[in-house]
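Enquirer: Mind having a look at this structure? Questions to follow.
The values are calculated or read from the model by the stated rules, or taken from the named source; none is laboratory data. These numbers come from a predicted model, not from an experiment. Cβ sites come from the backbone with ideal geometry, for glycine too, and all protein chains shown count toward neighbours. Side chains included, ligands, DNA and RNA excluded: accessible areas come from the protein's heavy atoms. Shrake-Rupley method; radii C 1.70, N 1.55, O 1.52, S 1.80 Å.
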Amino acid sequence: MAVSPVLSPKPNPPGTKATTNASKAKALAILNHSRSVSSPIAPSAATTPGDGGQDLAEQMNDEVRRQFVSGSRLGEGTYAIVYRGHFRSDPSKLVAIKKMKLNAEFKDGITLDSIREMRHLCELDHPNIIKLYAVFTTKDQNISLVLEHLPRGDLEGLWKDHSIMYGGADIKSWSNMLCQAVWFCHESRVLHRDIKGNNLLIAADNTLKLADFGLARGFADPGRPMTSNVITRFYRPPELLLGSQHYGGCVDIWSTACVIAELALRDFFLPSETDLAQLSVITDVFGIPTETDWPGISSLRHWEVNFKSAAPKRPQPLSFWRQRLPLLGDDGIDLLRGMMAMDPAKRLSAEQVLKHAYWTNYPRPTKKEDLPRQGDGEKKMGEDLKRAGGELESGRTDKVARKLNFG
Amino acid sequence: MKLTEDDLYRRSSQYKHWCFTPSKLALLRQKTNIQASERVKANVARQRAQRAKNLDTTSASDSERANTPGVENGADGASGNGGAVGDKEVDCLTVAEEMRLVDKFCETALELGNFIKVPAEVTATTIQYLRRFYLYNSPMTYEGQNIARATMFIACKTEGWHIPSSDYAAKFANVTQEQVLAPEHLIIQALRFNLEVRHPFRGLKGAHVELGEMVKGTYVPLEWDKRTGTQIQSEILKLPKRAGGAPMNLSESDFRKRLEYDYGVASNILKTSAQLTDTYFHYTPSQIMLAAHLLADEPLTLFLLATKVPPPSPIYSKTVDTIRACAAKLSSHRSYTDSSTSLEDKEARDKKEKAEVLAIIKKLRQCRDPDKMDLVKLNEAHKRDAVHDGELDERKAKRRRLDRENAQKEADEFWGPELPKNGAK
Ligand SMILES: Nc1ncnc2c1ncn2[C@@H]1O[C@H](COP(=O)(O)OP(=O)(O)OP(=O)(O)O)[C@@H](O)[C@H]1O
Ligand SMILES: [Mg+2]
């Protein structure tokens, strides 16, 4: 039981005082703040047969849908097409409307991706996590997520764009926003399970936002197995590569560290061609842990094939890190190595990460408004689309993870 | 730098969209009932008028007539006389009757969960989805059978227990994949796309662990609490068995048995009466958890509470009041039994309930929305995007007749001794 379960508020919902805002308004979901809604009992279109046979829920859905105007296409991913849009009431308030594709291969209705994204984004409200304003379905039963509009591309695009110069203070600033997002997810008992540069989008005001919750899930109860086939390969921690089915926030911490290293390197930190190769790329840097280094490692499912008769490997010394990641400084390197402890039990938690001296040491993280940024976000997205052809490059051949049916 | 359970709960969609004062909840249900009733009446009237028109030209087949609610029993006695058709108002369900049915659907979902062997959380999520769904929909419009099954399928997906729909459908007799999937959008829309349900189960486990530490003497009190772990241990071991009872002095191992027993009782309450009542709409998960624990062991629960909030504080007494009110709600449910309930009482109660529910189901047969009987066809129509309810042409209506009759038959079976084939556990 966490700190004070009993202090829980008596859940009189927000806005109870407003007498006109009765139950319907409440149900009008996420963003109906500005509308005034008639008393639910009062005769209205909803209570007469002249409603065209629409259910109350359908009417509410239509009302939500009507609050947005959808425009041109912003981009297309494997699972969705994203459109530019805005609030009907305020055309200056932009949104991104992510229309989930119907997956012909998936015979089980609404895809797990959509389900996970809806489930978790509805609950997560944090400045460094993409905001979900509303959800609606269209007539053809496509689910659309109305998301915060984030026009400045993604973090991977940013380090790849060599017209942009940045330094250690900028890296610290982006990394910190990322770590706050991860901390908030974990405090909310949500595992993201797909942290990587191109799932980190940048807002018009340079705020970094964690997006794409299509693989997320809640923390499992102890003992309940989860799939180990998650997280894009370059960012996948050793325990998952070894087949562990019991894990926690530590898997996201590893990925987060990979992203930070990537920013400092302006290249992928641990790229490889196959899952097997991924493990050897990792051990080239971190060595092969023994049962003493990592108690329990030898009972992981894929330990035997990978490590049982492998020649011992020693971890790289500090000098290797200093030479590869000079932009991070010794404190940054210390943080990174703490986040990349091979044994997940020894890895820093998100909370410990945020308490690390790196953040408060010199140089101070760059203020958001002073961060370097990609010029024309929208044009950049067009390039992203072209880039999508070369998926191998970003390690995105792992689509298989997404298709798994279990949690 | 820690978010408390409270912080988290206050940000949840459950708090923002699914918590109601009792009067708000009643109002919402009334609204849903009014709308559904009017629609049933309008649709039945339209059907009757259509039939009357047909009678003028050709004569309607018997089965066509049987298709209109209220006609089976010759209620409108409309043989051959078009003018008299539709005179009799359909007798719709009241809000109270609807709620009895929803409770029945939820109980069925409980059995369903046991049958297909999903974890308690999945079943509980299913039931809360159902309760939310029926805030905006009436059983007159959408009958529980298909909805409960489809809802559990969705809950399996949201809780990470996805089963392929073909396998899922195969667990039941005469259920197709399409039937499982057809109402999905309907349901998820009524859920306002809020798929996370916050349950009290995890909190109960936490409390159990913490009480264990207190008994062992290893519990570290909060800052304001000046007692040592050992003091707390000796106090807890002296707690009376029931409120107002004489102090005891149990051994550590005997007390551990008491904890296990309490946990079992509370856990059972959370899986049953917490699901089958409106508690989730009115109380937080931790309040529900403490209320269930209070019913299991009052002195111990109050002791636990007093390690969280100092008893002199007004928050303490307010919390106790809230928890007691919640406990009263939990214990008011038929499924709740304590040592004073005899088996005979319980059986009599169940029997009475069953008879009453059957009577409502009989009534429901006369007032179902004729346009919403076959969800598979309705969904296909939706997808084709062409058909509005109320505009189904005659030919389609006829084609749908058989399906509808089948749907009704299945609906009847739903209430029989039932559960699915290969029902052996
Ligand atoms: N909130 C947003 N604001 C602005 N543009 C966005 C937003 N979300 C997505 N986009 C654009 O739409 C494109 C598609 O997004 P989406 O998240 O569906 O796919 P992806 O992450 O690129 O690929 P994948 O589906 O393979 O993960 C992105 O590449 C991005 O350019
Ligand atoms: Mg993505």
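Enquirer: I'm checking my understanding of the structure. Among residues of the range B:1-43 that are free of Cβ contacts under 8 Å to residues at least 12 places away in the same chain and more than 7 Å from chain A (Cβ to nearest Cβ), which one is nearest to the chain's Cα centre (by Cα)?
Expert: Only one residue tops the list, namely B:S23.
Enquirer: A further question on this structure: In the range A:78-98, how many residues are surrounded by fewer than 17 Cβ atoms within 10 Å (Cβ to Cβ) and within 20 Å of A:D194 (Cα to Cα)?
Expert: 2
Enquirer: Output the residue which, of all residues in the range A:128-161 that are part of a strand (DSSP E or B) and aliphatic (A, V, I, L, M), is nearest to B:L378 (Cα to Cα). It would help to see each step written out before you state the result.
Expert: Taking the range A:128-161 and keeping what is part of a strand (DSSP E or B), we get A:129, A:132-137, A:143-148, A:154.
Pick out the ones that are also aliphatic (A, V, I, L, M) and you get A:129, A:132, A:134-135, A:143, A:145-147.
Details: A:I129: 38, A:L132: 30, A:A134: 26, A:V135: 22, A:I143: 18, A:L145: 25, A:V146: 27, A:L147: 30 Å.
Out of the qualifying residues, it is A:I143.
Enquirer: Shifting gears a bit: Scanning the range A:60-98 for residues that are part of a loop (DSSP other than H, G, I, E, B) and over 30 Å from B:M152 (Cβ atoms), which turns out modelled with the lowest pLDDT? Working first, answer last.
Expert: Start the filter on the range A:60-98 by keeping residues that are part of a loop (DSSP other than H, G, I, E, B), which leaves A:67, A:77-79, A:88-93.
Within this subset, residues satisfying the condition of being over 30 Å from B:M152 (Cβ atoms) are A:67, A:77, A:88-93.
On the way: A:Q67: 97, A:G77: 85, A:R88: 97, A:S89: 96, A:D90: 96, A:P91: 95, A:S92: 95, A:K93: 96.
It comes out as A:G77.
Enquirer: Looking at B:F133, B:F115, which one is open to solvent by 10 Å² or more (accessible area, probe 1.4 Å) and in contact (Cβ under 8 Å) with a residue 24 or more places away in the chain?
Expert: On the way: B:F133 fails: open to solvent by 10 Å² or more (accessible area, probe 1.4 Å).
One residue alone meets the criteria, B:F115.
Enquirer: Let me ask another. Could you grab me the full set of residues in the range B:140-173 that are aliphatic (A, V, I, L, M), open to solvent by 30 Å² or more (accessible area, probe 1.4 Å) and part of a helix (DSSP H, G or I)?
Expert: Selection gives B:A170 alone.
Enquirer: Here's a follow-up. Determine which member of the set A:G223, A:G214 is within 14 Å of chain B (Cβ to nearest Cβ), assigned to a loop (DSSP other than H, G, I, E, B) and within 16 Å of ligand 2 (Cβ to nearest atom).
Expert: A:G214
Enquirer: Considering only the range B:192-291, give the helices (runs of 4 or more DSSP H) lying wholly within it that have at least 1 residues that are in contact with a His (Cβ under 9 Å, 6 or more places away or on another chain) and more than 14 Å from chain A (Cβ to nearest Cβ). Give the steps one after another, and end with the answer.
Expert: Numbers: elements: B:201-216, B:229-237, B:252-271, B:273-276, B:279-282.
The helices (runs of 4 or more DSSP H) meeting that bar are B:252-271, B:273-276.
Enquirer: Among the residues of the range B:174-190, are any open to solvent by 50 Å² or more (accessible area, probe 1.4 Å), more than 14 Å from every other protein chain (Cβ to nearest Cβ) and at pLDDT below 95? Spell out the reasoning first.
Expert: Of the range B:174-190, the ones open to solvent by 50 Å² or more (accessible area, probe 1.4 Å) are B:174, B:176-178.
Now drop any that are not more than 14 Å from every other protein chain (Cβ to nearest Cβ), which leaves B:174.
Subset that is at pLDDT below 95: B:174.
Yes: one or more hits.
Enquirer: Out of all the residues in the range A:192-212, is one or more at pLDDT 95 or above, surrounded by 23 or more Cβ atoms within 10 Å (Cβ to Cβ) and away from ligand 1 (no atom under 16 Å from the Cβ)?
Expert: Checking the range A:192-212: not a single residue is at pLDDT 95 or above, surrounded by 23 or more Cβ atoms within 10 Å (Cβ to Cβ) and away from ligand 1 (no atom under 16 Å from the Cβ).
Enquirer: So, one more: Can you pull out every residue in the range A:133-149 that is under 17 Å from B:Y15 (Cα atoms) and open to solvent by 10 Å² or more (accessible area, probe 1.4 Å)? Can you show your working first?
Expert: Initial filter on the range A:133-149 (under 17 Å from B:Y15 (Cα atoms)): A:133-134.
Within the range A:133-149, A:Y133 is the sole residue that qualifies.
Enquirer: Hey, another quick one. Working only within the range A:99-118, note down all residues that are within 13 Å of chain B (Cβ to nearest Cβ) and not in a loop (DSSP other than H, G, I, E, B).
Expert: Answer for the range A:99-118, where residues must be within 13 Å of chain B (Cβ to nearest Cβ) and not in a loop (DSSP other than H, G, I, E, B): A:M100, A:L112, A:D113, A:S114, A:I115, A:R116, A:E117, A:M118.
Residue by residue, here is whether (1) modelled with pLDDT under 95; (2) open to solvent by 30 Å² or more (accessible area, probe 1.4 Å); (3) within 30 Å of A:Y166 (Cβ to Cβ) holds:
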site	(1), (2), (3)
A:M226	yes, no, no
A:T232	yes, no, yes
A:G249	no, no, yes
A:I260	no, no, yes
A:D275	yes, yes, no
A:I297	no, no, no
A:P315	no, yes, yes
